[in-house]
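Right, one structure below, let's go through it.
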Amino acid sequence: MQLLSLLLTADLVKAEECFVSGLEDCVEGTYVFRDWARSWARRTIIQNAIRMFEPRKSHSAVTEVPSDPVSCSFTRSPEASYAIGSILRLRDFERFVFVMSVLEKYSDQDCSVLLGCSRRDIAETKMAALLHVAESGGQCPLTRAGSDCKDPQEAATRETQMEPQY
């Protein structure tokens, strides 16, 4: 769930805020069966992130690529760090569409309702985001602390075997 928050917000501080407010909403909300609790919590995080960022197709700003690698404890491999980094570099609207439709498997209809746009906007944005992520696969904007990204093999040897914290 923390990774979902980070992928949506592309900001560690806002991700924590989104995650915590999502948990608070779950605690204050109505009882949910255990089988549905995870799905409901994920949707709550997505809705909180949408409220925080209000992503729109025409108003999204390009996310600045960090000059220093971002420390991350969500991944176990350099490849996962590269993938997360390329997602974080998407524009706000593209990032939300990518995370919701590709990673969370929301339908184009559900995405369009939650993001307040047309299904065509979702389909077009999803294709653009997929292309962007595929094209930036070799770049390294996100690593664990202590990794310098210059040599992926060296970065791999520095990786520790941490469990993802969803």
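Since every read-out is calculated from the coordinates, none of them should be taken as a lab result. None of the values given here were measured: they were computed from a predicted structure. All Cβ positions, even for glycine, are placed from backbone atoms using ideal geometry, and neighbour counts span all protein chains on display.
Which FRET efficiency value, to the nearest 0.05, is calculated for A80 and V102 with the Förster distance at 22 angstrom and r the Cβ-Cβ distance?
0.90
Summing +1 for each Lys or Arg and -1 for each Asp or Glu, what net charge is found among the other residues whose Cβ lies under 15 Å from the Cβ of M100? Display every interim value, and only then the final one.
Details: positive: R42, R43, R51, R56, K57, R91, R95, K105, R119, K126; negative: E54, D92, E94, E104, D108, D110, D121, E124.
Local charge sum for M100: +2.
What ranking do R42, R95, R120 get, fewest neighbouring Cβ atoms within 10 angstrom at the top?
Least to most surrounded, the residues fall as R120, R42, R95.
What ranking do V20, V13, V97 get, fewest neighbouring Cβ atoms within 10 angstrom at the top?
Ranking V20, V13, V97 by Cβ neighbours within 10 Å, fewest first, gives V13, V20, V97.
I want the local charge near S112. Using Cβ-Cβ distances under 9 Å, sum +1 for each Lys or Arg and -1 for each Asp or Glu among the other residues.
-1
If we count other beta carbons within 10 Å of each Cβ, what is the order of M100, M52, M127, fewest first?
Lowest count first: M127, M52, M100.
Could you give the nm distance between label points at V13 and W36, where each point is 7 Å from its Cα heading toward the beta carbon?
3.7
Contour minus end-to-end for L23 and M127, with contour as 0.36 nm per residue of separation and end-to-end as the Cα-Cα distance?
34.3 nm
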